[in-house]
Structures are given as C-alpha cells and as structure tokens.
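Below: the structure, in structure tokens.
The values are calculated or read from the model by the stated rules, or taken from the named source; none is laboratory data. None of the values given here were measured: they were computed from a predicted structure. Cβ coordinates were reconstructed from backbone atoms using ideal geometry, including for glycine residues, and neighbour counts include every protein chain displayed. The accessibility values were calculated without ligands, DNA or RNA, using every heavy atom of the protein model including side chains. Shrake-Rupley method; radii C 1.70, N 1.55, O 1.52, S 1.80 Å.
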Amino acid sequence: WCQQHGIAFWMAGEPDASTVHFPSLVERGPLRVAVDTQGLAPTVSRWLRQRIEQVLPDGLGAVLRLTQKRRHSIDERLPTPHQRRSFWYRLLEGQSVHRAALDSEDRIASDMDEILQSCAIHAPQGQVFLVGAGPGDPDLLTVKALRLLGQADVVLYDRLVAQPILDLVRSDAECIHVGKARANHSVPQEMINQMLVDYAKSGKTVVRLKGGDPFIFGRGGEEIETLAENGVGFQVVPGITAASGCAAYAGIPLTHRQYAQSVRFVTGHLKNNTANLPWHELIHEEQTLVFYMGLVGLPIICRELMAHGMRADMPVALVSKGTTPEQNTVTGTLADITERVGEAGVCPPTLVIVGEVVTLRDRLNWL
Ligand SMILES: C[S@@+](CC[C@H](N)C(=O)[O-])C[C@H]1O[C@@H](n2cnc3c(N)ncnc32)[C@H](O)[C@@H]1O
C-alpha cells in the first residue's frame, strides 16, 4: 500500500525492502551525531552510539547553545584560527563543560568569558594535562585520557607507556620520548619539567603521559609543582595504577574480608641496594604488600621481610608485564620466589604482591 501510494516506510529486519532508515542519534543541544548502518546492523549502531555518548559530556549542549548566541562576538575577539582553536579546546577540556549540565547560563557565560579573555590577549597560553596511561592494556585508559590523546599538540611520554596507547595519539601531534628506564633517565627530570613549561607557554596543549597513575611512584607531583610555580594551567587525569591492573588481571584481590583488611604500596627501589625501608612497619597480620620496582631488590625484600618476622611460607606473586598480552605471573613463597623467578626468566616491568590473598589466584585466575 505504501509503495503504491508513494509513502516512505520502514520494515523491521527488512533493510532492503524498506525505503527509509532511522539512524541512532546522539544529541547535545545543536550538535547531532547520527549513526546509520542502513538497517543492516542495528547492534553495531547501538554499540557505536553508546561509545559516542560516553565521550560527549552532558553539558556540551548548554555550552554550544551559548556559543551559538555569541558567535559574532567570539569571531570578532579571536581573529586568528590559532586563537579560535585554543578557545575551543580550552572550553571543551575545561571543567565548565562537565559542570554545565547543572550550572546556570550565567555561570557558563562567566567561565566562557574568562577563556575568551585569555585567548584574546596576545598569544594564548597552553595547558598541560598530566595523564595516567594505566599499566598497558589500552582498554584500561580513562575516557578523558583517550579524548586528550586525540587533541594534544605535544605528547611527552615515558618508557612504560605501551605502543598501542601511543597509537591513539592524534596523528599530527609531536610525540617525545622522555625515557625513564631504571637509573637511566633519557631526559633529566628538570629538563622534562622545563619542556612542559615551554611548550605550554608557546600555546600548545601538552599531554604528559605516564605509565599507571601519575601520582603513584610517578613523580607527577614534582612535574606539576614546576607548572604551578611558572603559572602554567594544568589538570591531572588519574590512571589505573599497576597494582590494580596487575592484581585484577592475575586474579588476586588486593583486599579480601578473610585475608587482608589493608593494602600497602611500597617502593622496591632500594637505594644503593641496601635495605632502607621501615621493614618492621611492613609486618602486619592481614595486610597485603605491593612492591613496585621490586625485581632487582627481590632477594633483599624477601630476606628482610623474613628477618623482621614474616613467615617464610607467606605467599608471593610476581606479575611481569601485567595487563599486556605478554603478562606472566610467577607464584611462590618468601622462601622460594627468588629462585622461581630466576628459573622463569621474567622481564620487567614487574610487580611483587606479598600476602595471603595470593592464594586466591588458584580459584580466581581468569585470564
Ligand atoms: C616508576 S613506577 C611507576 C608506577 C606507575 N605510576 C603506576 O601507577 O603504576 C614503575 C613500576 O611500576 C610497576 N609497573 C608498571 N607497569 C607495570 C606492568 N604493566 N606490569 C607490572 N608492573 C608494572 C613496576 O614495578 C615498575 O617498575
């Protein structure tokens, strides 16, 4: 009937017979993103729509509506493409777009004016995003980290950042490897700090990409201190730290009501190979210890824990290259883990987990 009368129609599950298709829509105010597989794969449309929903902040609609009203004044005050680009990135990456869904229009307008003002004055200053890249699996990046990798002009990254994550960086961004192997900083820390300041002051959006979480054994605090001293704007984007990633992928819950009420992250980087940790504080019933950078010092760590009263048959796991396709987990006890690790020939980076929770791996290993 529809055909005979020239009326467009859609039939469920019959893409070829239908004359119209309805795309999945994601809307944020005036912004509309349509996903259409011409009726062939509605599940793919839904999957993609969900991904787009996650990436677009709820407040984006309110922000866009306001910029629509002020378009002429924005163009007038920001005559160069560079200024306009900076304005948009700063607006979209700032806090206001995330708050905007709840904020009044006056509040959004005042945030926008502030950014407009700073971009209108001579060369606008860039920003630094200190971003945690997680332990290796790119699927463990946060949504915010992923978005920033697509926007950065410059990315300064550490050795531990996995290649599949670097592949997500905007293709024309400048990517600089600033090293950091054990005791081998390819670029000294002070120079990294200064580079961040210089790039930001030249108006660039800079991502400082660090393995795991930037605030856990990552010297992230030092880097942003220099930025604060130099009046450079920054944001910190947390990442999944190696302890969480490795424990999850090795099937070892770090706390468990029956086995451990607390967990302690400890550096295993022993200065001059001496046992310089407060060992007596580490010996606690029902506590899990996680040693970062503990491969070289493993024999000393085991020896000192036993010397300070931990039982020799305390379970230990060493996770190498956690959350990557090359993950390898060796288990044993304080008494024999060093020998087992030697036999297994594991590669760094590695994480050492000490505690009763390690025994749960026998039942919970899922990888
Ligand atoms: C300088 S620390 C940086 C830690 C990082 N900021 C974090 O939150 O995971 C480097 C140490 O983290 C641990 N590590 C990082 N990624 C790892 C991985 N994928 N597997 C095992 N250990 C890892 C290792 O102990 C490595 O020596």
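Please specify each residue of segment 285-301 satisfying the condition of being surrounded by 15 or more Cβ atoms within 10 Å (Cβ to Cβ) and away from the ligand (no atom under 16 Å from the Cβ). Matches in segment 285-301: GLU286, GLN287. Here LEU289 meets the list (1) within 26 Å of ARG303 (Cβ to Cβ); (2) assigned to a loop (DSSP other than H, G, I, E, B) almost entirely, failing just condition (2).
Being within 11 Å of the ligand (Cβ to nearest atom), modelled with pLDDT under 95 and touching a helix residue (DSSP H, G or I) at 6+ places or on another chain (Cβ under 9 Å) is a description that applies to ARG219. Once segment 318-339 is narrowed to residues that are without any contact (Cβ under 8 Å) to a residue 12 or more places away in the chain and open to solvent by 60 Å² or more (accessible area, probe 1.4 Å), the residue that is nearest to VAL161 (Cα to Cα) is PRO325.
Scanning segment 255-276 for residues being open to solvent by 30 Å² or more (accessible area, probe 1.4 Å) and either assigned to a loop (DSSP other than H, G, I, E, B) or more than 24 Å from GLY211 (Cβ to Cβ) (or both) gives a total of 12. Among the residues of segment 10-36, the one identified as part of a loop (DSSP other than H, G, I, E, B), of a type in the set (D, E, K, R) and under 20 Å from GLU53 (Cβ atoms) is ASP36. Taking every residue in segment 33-49 that is at positive phi and pairing it with any residue that is among the acidic types (Asp, Glu) and open to solvent by 90 Å² or more (accessible area, probe 1.4 Å), at least 6 positions away or on another chain, the pairs with Cβ-Cβ distances below 9 Å are GLY39/ASP16.
Under the condition of being open to solvent by less than 90 Å² (accessible area, probe 1.4 Å) and closer than 19 Å to ILE121 by Cβ, the residues counted in segment 63-76 number 4. If you go through segment 302-317 and pick out every residue that is open to solvent by 60 Å² or more (accessible area, probe 1.4 Å) and assigned to a helix (DSSP H, G or I), you end up with 3. Residues of segment 232-254 that are over 30 Å from MET314 (Cβ atoms) and open to solvent by less than 60 Å² (accessible area, probe 1.4 Å): VAL232, GLY233, GLN235, VAL236, VAL237. A count restricted to segment 340-367 and to residues that are assigned to a loop (DSSP other than H, G, I, E, B), under 24 Å from the mean Cα position of the chain (by Cα) and surrounded by 18 or more Cβ atoms within 10 Å (Cβ to Cβ) stands at 1.
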